[in-house]
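A.B. asks: Input: one structure, supplied below.
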Amino acid sequence: MADGVVTTVGVGTATITATTVAKPNFSATCEVTVENLPNTKVSALIYNGDGDAYWSEFETDNLAAWNPVSEKANAYIAGTYNDRMLYTHDGSHLYGVDADTFAVTDYGQIDAKWQWSDAAGAPADEDRFGFMLGICNGGAYLEMLEPEKGSVSYFDLSSAFGEDPMATIAFAGNGTDRFYDCCYYILTEAGDLWYMTLRTASGEYRISYKKLGSVGLNLTGVSTVTGGMYASMTYDPDTGYLLLSRCLQGETSELIAIDSETLLWAKLGDFGQGVRPVVSLYQYERITELTVFLSQAEAQVWEEDSVTLTAQVLPSSYQDQVTWSTSDASVATVDEHGVVTGIQGGTATITATSVDTNDGGEHVTASCAVTVKSLGDLSAKVNAQVVTEDGAKWVTIDTASRAVTVNGDAGTALTAAGAHEGKLYGTDNNYPFTADNLYAICNIYEIDPDQDYQETILYHCYQQYVPVDLTTAPKTTVTLTDDDGNQVTKEAFGMPLYTNWSTLVTFLDPSWGMKDRAKGWNWGLYGKYESQCAIAYVGDSTINSEGETYPSKVFYALGVGGTLYRFHMWAHYNAERPDGVDYMLTLPVTVGNIGMKFAVRDVTMTYIQDETNEGLVLGYINENGAELYYIDLTGDAPNCVKIGRIPGASAISGLYTDADLNQTSSVPEDSEVDGLLASCEIPFSQGRTEPLAATEIPETAPQAAGGLNALTKADPPAAQPASTGEVSDGEDAVVVTVTAKDASGQDVASANGWITVSYDASAMTLKRVAVSADYHSVVESNGTVTFAYAGVEPIVAGKAIATLEFQANGTGDTEVTVQHQQVNDLTPAYDETVPIDFAHPNTELRDAKEATCTEDGYTGDVYCTDCGLLLQKGEVIPAKGHTEKTEGAIEATCTEAGFTGNTVCTTCGTLIKTGEVVQPKGHTLELRNGKEPTCTETGYTGDHYCVSCNQVIVTGDVLDALGHDWSAWEQTKAHSCTEAGEETCVCARCQLKQTREIEILPCPSQDFEDLDRTAWYHESVDFVLNHGLMIGMSDTVFSPNSPLTRAQFICILYRMAGSPEPETVDLPFLDVPADTWYSKEVAWAYQNSIVLGTSKTTFTPNAGISREQMVVFLFRYAQFCNLDTTCEGTLEAFDDAGKVSAYAKDAMVWAVQCGIILGDQGRLNPTGTSKRVEAAAVAVRYLVNLMK
């Protein structure tokens, strides 16, 4: 510890004591607790000792054990994570890398100005954010980059970070108030920690930031991006710490933890010797289990329209394939490519199911809830120009049926049009809306519907002022008060009104002839309105302004973000106008948002009102062609519904109704005016019908031509000092301050303008441009800086519009030229020359020395040769260090030694390191041509090859055929007395099958002359004969239809039981002698309660057995066999059920339910005597149905 700096050594608690040196030696103590940082898992792009980069994971408690999770990656410099994608660059191109599969998408080249030193994500929220935020332009800019769209916008923060550039940034979470905020930590090169909030409201992004204090870490040079200094930062929400990887020139990458509250930091270690740099820190848990991701969880689509869902299956070890299904095909269908088509209004769930299954054998799904919106129902007729396969047509469209009636051919396909006082007006602007085309020339046409839509070119117009939609402003007679207080009657309006591609509303006056300026209003300077894409006249009303009531015209304007505005326009007296009439316009009132977004040239709009409808019909061009929508204005908020596609039309413009010219609507009066806009002049190009030659178009056109700002009155001119140029004391820097000038060179107040500054690029190098206005754009080229600016409030006269900082390349006098090409709505074309004078114009460089590989150099000292004064002290140039190269390397082979090669310096030729002999690699064996033997073919053990030299090292052996391994024979088809059977065996190795026939069984019935082998009982009799359950009455007689006696049936049951020996043959039955052929069988049945006797002393063995007695005996036998004889049925299905004796009823129900007794023609015949063949059938059914 020195000077009170406490350095941590280990975990624990220590007391720090400070004691005064002077007596009486007072002391104060501080208890310091040192804790371990909780282990945290982090991902990054890590370069190993060989300079190869890998996307990797590591844990903060063991950095050296970092683990690559990708194949070798490109040499990326910096990157960040956002929504499962890693966005990175390599100093030349911009890339997207899938955070799970590491598949790379090349988004193309990225200019050095936009290459970032560190970046952070801005997680999407609905249609907000969803981009990355990067530190670029030497740490002075914060860019918002959308790689997929190829778009970039930025915040110029040079006023805050010009002296101490930003180095790293980390996403810190989202805000909690009514705005959706993205919050960040920023660390500068000098180690200052800042907290920044990025907020969006009304479609714009704004930032606020505050300095938290100094951390004290050195990140010098990181903002240069490609200068060899690297740093990356991420915020861990679980611990609340910032994790910073830092690698300055020649150092090994280290990881540092920063406490954002206390601003204390601790070094956690490095990633291993020579591991550098470690960039693109991020935290993300990669997918390891089968998962399906869908591009959307919710989607809306109109009937007839489609939306494409994309699915991704992760991880990459599974097939990236899914099957698609819909929960309701009557609402929405989906094809095999994920294209969802709306069928009718309702909701349906679209499901993507993985083709593969997970470890549990389950397919995995992801779903999207699709809402299909029903088409709107509107009965109206509108007119427009549409483009078809046969060319452009003027048509009438029935919105109820979408039927199209062609009224005439159009000579020109118009991109914007509208109706006014019996004529149509439009333009053919086919140029992309880019800065390069602002001054492209477009034609303005007048079209006469009464003359077969004949076209006349009225004049030409710069693209930046060309219409994107037009409407009417019908002529009105108004009474105005002149400057003397007299009432005067004037004709007002009577001109088409149009909106252009920004926030400009302009009169289009076809009577102007050769005039080159139009009247217009620009509310874009207020910064809160969307660019307009459509406009429609509603009708007439009144407006109160400054205590006066004026007749006004009411319009609706539609913004590209779907916001619908309403505004009033009215006439007032202005003596400076030739006709004495000028116009005022209210700032737009927001009516609501219709939930759609548009390109500026793809929409046209007209107003309709009838007994049931009041609203706006939209014509919209998209990938489906030309479509109609309806904005219903009868509710509290605008409600937009789709009417449907226009058959055969690929484009639409110039929507209007027959009533557009004269219709007046009742619009609620605005009780007061929130803000007013006065008109100003807008320059069109010169000429009426002939296109301008290319030479007449200015080579460099003003970015804000026309000014379009008459919100404030310019200050009166007064003599002011000229723009200035100041040289620093060391004469190594120059600062030029530019103020706004009028045509006479006087400083004036300015709300907007356009200035070009020219300088000698060999004498000075531009380092920074700072423009003071709220909105500005800067274009830099070698020796020239052009900037346009606009402000909500004017910049006062004499105050700097811009400050330009230069590095002096020498001390010779030079000059800077300032061209004031536009100030406010004036184009003064005033040029001024600002001298740059140096006190010591003649200088020389002394003691300069070039740095070598091993010795420092020196930039040299600058002396004035006139007075000998030392003007600028030189700086030491660090030794370059050797640039190493390996020479004479020989790769070792399997049998011969190699050589690592000598390391030499390519600059000075010094031998830095002598190479070493590399021992032979030895053979690396691989088995090839191996073949397993089969049952019938020989195999081969395979040859051992060396994978390096491809030589056979060991030759293999032939293996004998295995022969078949047959299983035991298994019967696959039963044989009978009428049909042969079949049995099969299978080889366990090759699954070959063998089949052979089982001979036909001998038929036992053929021995009895009275058995019919075609009779119904044949199979039953064969069964009991084969199984010894019954025998014939003699060797040749079976007596099939003879009655079966009671003793004979007991014999059948006895044989079914396996002929067990009875305990005794003593019976209480006097009619069963002990020596009869059935005495043993009856004794067994009696002892097991199967028979009870016809009395206590008789069994009546020779009596024919009735059907119910037979069933009772069989029922008891089943109980003897422990079978379940429970039954709950009835015998109602049989006509003679009532004849069943009570003692036999349960047995009979059981026998019927078990399929043993079937009945005969609906009768049971319970008391009838059973025939021998019937008894055989009953016995067989019992065995088949119950014994299985």
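The values are calculated or read from the model by the stated rules, or taken from the named source; none is laboratory data. All values reported here derive from a predicted model rather than from experimental measurement. Cβ: placed from backbone, ideal geometry, glycine included. Neighbour counts: every protein chain shown.
A.B. asks: Looking for whichever is over 18 Å from the mean Cα position of the chain (by Cα) and modelled with pLDDT of 95 or more here; the options are 326, 351, 288. Which one fits?
C.D. replies: So the residue among 326, 351, 288 that is over 18 Å from the mean Cα position of the chain (by Cα) and modelled with pLDDT of 95 or more is 326.
A.B. asks: Quick one: is residue 564 touching a residue at least 24 places away in the same chain (Cβ under 8 Å), over 30 Å from residue 486 (Cα atoms) and part of a strand (DSSP E or B)?
C.D. replies: yes
A.B. asks: For the subset of the range 1133-1173 comprising residues that are in contact with a strand residue (DSSP E or B) (Cβ under 6 Å, 6 or more places away or on another chain) and in contact (Cβ under 8 Å) with a residue 40 or more places away in the chain, which member is nearest to residue 1050 (Cα to Cα)?
C.D. replies: 1169
A.B. asks: Residues in the range 656-668: is at least one of a type outside the set (Val, Ile, Thr), under 15 Å from residue 383 (Cα atoms), modelled with pLDDT of 90 or more and assigned by TED's automatic domain parsing to the domain that holds residue 535?
C.D. replies: yes
A.B. asks: Would you kindly identify the strands (runs of 3 or more DSSP E) lying entirely within the range 29-94 that contain at least 3 residues that are in the same structural domain as residue 248 (by TED's automatic domain parsing), in contact with a Pro (Cβ under 9 Å, 6 or more places away or on another chain) and modelled with pLDDT of 90 or more? Spell out the reasoning first.
C.D. replies: On the way: elements: 41-47, 53-59, 62-73, 78-82, 85-89.
Output list reads 41-47, 53-59.
A.B. asks: Give the residues of the range 561-593 that are closer than 24 Å to residue 637 by Cβ and polar (S, T, N, Q), sorted by residue number.
C.D. replies: Across the range 561-593, the qualifying residues are 563, 586, 590, 593.
A.B. asks: Every residue in the range 234-272 that is in a strand (DSSP E or B) and hydrophobic (A, V, I, L, M, F, W, C), please. Quick ask: steps written out before the conclusion?
C.D. replies: Step one: of the range 234-272, the residues in a strand (DSSP E or B) are 234-236, 241-247, 254-259, 265-270.
If the condition is that a residue be in a strand (DSSP E or B) and hydrophobic (A, V, I, L, M, F, W, C), then 242, 243, 244, 247, 255, 256, 257, 258, 265, 266, 268 are the ones that fit.
A.B. asks: Can you pull out the residues in the range 840-875 that are hydrophobic (A, V, I, L, M, F, W, C) and either surrounded by 14 or more Cβ atoms within 10 Å (Cβ to Cβ) or modelled with pLDDT of 85 or more (or both)?
C.D. replies: Start the filter on the range 840-875 by keeping residues that are hydrophobic (A, V, I, L, M, F, W, C), which leaves 845, 848, 851, 853, 862, 864, 867, 869-871.
Once the filter is applied, which keeps residues that are hydrophobic (A, V, I, L, M, F, W, C) and either surrounded by 14 or more Cβ atoms within 10 Å (Cβ to Cβ) or modelled with pLDDT of 85 or more (or both), the range 840-875 yields 848, 851, 853, 862, 864, 871.
A.B. asks: How many residues does the range 776-790 contain that are hydroxyl-bearing (Ser, Thr, Tyr) and closer than 17 Å to residue 817 by Cα?
C.D. replies: Total satisfying the criteria: 3.
A.B. asks: Under 7 Å by Cβ, and 6 or more places apart or on different chains, what pairs join a residue from the range 758-769 that is touching a residue at least 60 places away in the same chain (Cβ under 8 Å) with one that is among the charged types (D, E, K, R)?
C.D. replies: As it stands, the answer is 768/805, since those pairs meet every condition given.
A.B. asks: Looking only at the range 781-788, decide whether some residue is over 45 Å from the mean Cα position of the chain (by Cα) and touching a residue at least 12 places away in the same chain (Cβ under 8 Å).
C.D. replies: Within the range 781-788 (the criterion being over 45 Å from the mean Cα position of the chain (by Cα) and touching a residue at least 12 places away in the same chain (Cβ under 8 Å)), the answer is no, since none of the residues qualifies.
A.B. asks: Residues to consider are 1129, 1104; find the one that is farther than 19 Å from residue 1059 by Cα and at pLDDT below 90.
C.D. replies: Numbers: 1104 fails: at pLDDT below 90.
When all the criteria are applied, what remains is 1129.
A.B. asks: Here are 849, 873, 799: which of them is assigned by TED's automatic domain parsing to the domain that holds residue 742, more than 45 Å from the chain's Cα centre (by Cα) and among the basic types (Lys, Arg)?
C.D. replies: The unique qualifying residue is 799.
A.B. asks: From the residues in the range 191-224 that are out of contact with any strand residue (DSSP E or B) (no Cβ under 7 Å at 6 or more places or on another chain) and either touching a residue at least 60 places away in the same chain (Cβ under 8 Å) or among the charged types (D, E, K, R) (or both), which one is farthest from residue 775 (Cα to Cα)?
C.D. replies: Ranking the candidates gives 224 first.
A.B. asks: Here's something else I'd like to know. Could you list, in sequence order, the residues of the range 380-422 that are among the basic types (Lys, Arg) and over 19 Å from residue 618 (Cβ atoms)?
C.D. replies: Within the range 380-422, 393 is the sole residue that qualifies.
A.B. asks: Still on this model: When residue 128 is evaluated against the numbered criteria (1) closer than 25 Å to residue 275 by Cβ; (2) under 23 Å from the mean Cα position of the chain (by Cα); (3) of a type in the set (Lys, Arg), which criterion, by number, is the only one it fails?
C.D. replies: Unmet for residue 128, out of (1) closer than 25 Å to residue 275 by Cβ; (2) under 23 Å from the mean Cα position of the chain (by Cα); (3) of a type in the set (Lys, Arg): (1).
A.B. asks: Step by step: first the residues of the range 1110-1129, then only those that are of a type in the set (S, T, N, Q) and exposed (fewer than 12 other Cβ atoms within 10 Å of the Cβ), then the one that is nearest to residue 1157 (Cα to Cα). Which residue is that? Before the answer, list the steps.
C.D. replies: Pass one, the range 1110-1129, residues of a type in the set (S, T, N, Q): 1119, 1122, 1125-1126.
Those still in the list that are exposed (fewer than 12 other Cβ atoms within 10 Å of the Cβ) too: 1122, 1126.
Numbers: 1122: 20, 1126: 16 Å.
Once the filter is applied, the top-ranked residue is 1126.
A.B. asks: Looking at 1039, 1079, 1095, which one is out of contact with any Pro (no Cβ under 8 Å at 6 or more places or on another chain) and surrounded by 15 or more Cβ atoms within 10 Å (Cβ to Cβ)?
C.D. replies: 1039
A.B. asks: When the residues of the range 529-542 are narrowed to those that are surrounded by 24 or more Cβ atoms within 10 Å (Cβ to Cβ) and either modelled with pLDDT of 90 or more or among the β-branched types (Val, Ile, Thr) (or both), which ends up farthest from residue 594 (Cα to Cα)?
C.D. replies: Only one residue tops the list, namely 537.
A.B. asks: For the structure I just gave you, tell me whether residue 190 is in a strand (DSSP E or B) and either crowded, with 18+ Cβ neighbours inside 10 Å or modelled with pLDDT of 90 or more (or both).
C.D. replies: Criteria not met by residue 190.
A.B. asks: Has the range 255-278 got any residue that is farther than 13 Å from residue 368 by Cβ, touching a residue at least 12 places away in the same chain (Cβ under 8 Å) and within 19 Å of the chain's Cα centre (by Cα)?
C.D. replies: Scanning the range 255-278, I find no residue that is farther than 13 Å from residue 368 by Cβ, touching a residue at least 12 places away in the same chain (Cβ under 8 Å) and within 19 Å of the chain's Cα centre (by Cα), so the answer is no.
A.B. asks: Just to be sure before I move on: is residue 105 part of a loop (DSSP other than H, G, I, E, B), within 22 Å of the chain's Cα centre (by Cα) and on the phi < 0 side of the Ramachandran plot in the structure I sent?
C.D. replies: Values: part of a loop (DSSP other than H, G, I, E, B): no; within 22 Å of the chain's Cα centre (by Cα): yes; on the phi < 0 side of the Ramachandran plot: yes.
Answer is no for this residue.
A.B. asks: State all residues of the range 924-942 that are assigned to a loop (DSSP other than H, G, I, E, B) and more than 30 Å from residue 992 (Cα to Cα); if no residue qualifies, say none.
C.D. replies: 924 - this is the single residue of the range 924-942 that is assigned to a loop (DSSP other than H, G, I, E, B) and more than 30 Å from residue 992 (Cα to Cα).
A.B. asks: Here is a follow-up. Can you name the number of the only condition in (1) of a type outside the set (Ser, Thr, Tyr); (2) without any contact (Cβ under 8 Å) to a residue 12 or more places away in the chain; (3) surrounded by 12 or more Cβ atoms within 10 Å (Cβ to Cβ) that residue 1052 fails?
C.D. replies: Of the numbered conditions (1) of a type outside the set (Ser, Thr, Tyr); (2) without any contact (Cβ under 8 Å) to a residue 12 or more places away in the chain; (3) surrounded by 12 or more Cβ atoms within 10 Å (Cβ to Cβ), the odd one out for residue 1052 is (2).
A.B. asks: Check every one of the strands (runs of 3 or more DSSP E) wholly within the range 298-416 and list those with 2 or more residues that are without any contact (Cβ under 8 Å) to a residue 60 or more places away in the chain and in the same structural domain as residue 615 (by TED's automatic domain parsing).
C.D. replies: By residue number, 391-398, 403-409.
A.B. asks: Within the range 797-813, is there a residue that is of a type in the set (D, E, K, R) and either touching an Asp or Glu at 6+ places or on another chain (Cβ under 8 Å) or not in a strand (DSSP E or B) (or both)?
C.D. replies: Scanning the range 797-813, I find at least one residue that is of a type in the set (D, E, K, R) and either touching an Asp or Glu at 6+ places or on another chain (Cβ under 8 Å) or not in a strand (DSSP E or B) (or both), so the answer is yes.
A.B. asks: Working carefully through the options 815, 844, 884, find the one that is of a type in the set (D, E, K, R) and within 30 Å of residue 921 (Cβ to Cβ).
C.D. replies: None of the other options fit; the residue is 884.
A.B. asks: Are there any strands (runs of 3 or more DSSP E) wholly within the range 585-637 with 3 or more residues that are surrounded by fewer than 22 Cβ atoms within 10 Å (Cβ to Cβ) and touching a His at 6+ places or on another chain (Cβ under 8 Å), and if so which? Step through it out loud before you land on a result.
C.D. replies: Values: elements: 589-593, 603-609, 614-622, 625-632.
Per the criteria, no element qualifies.
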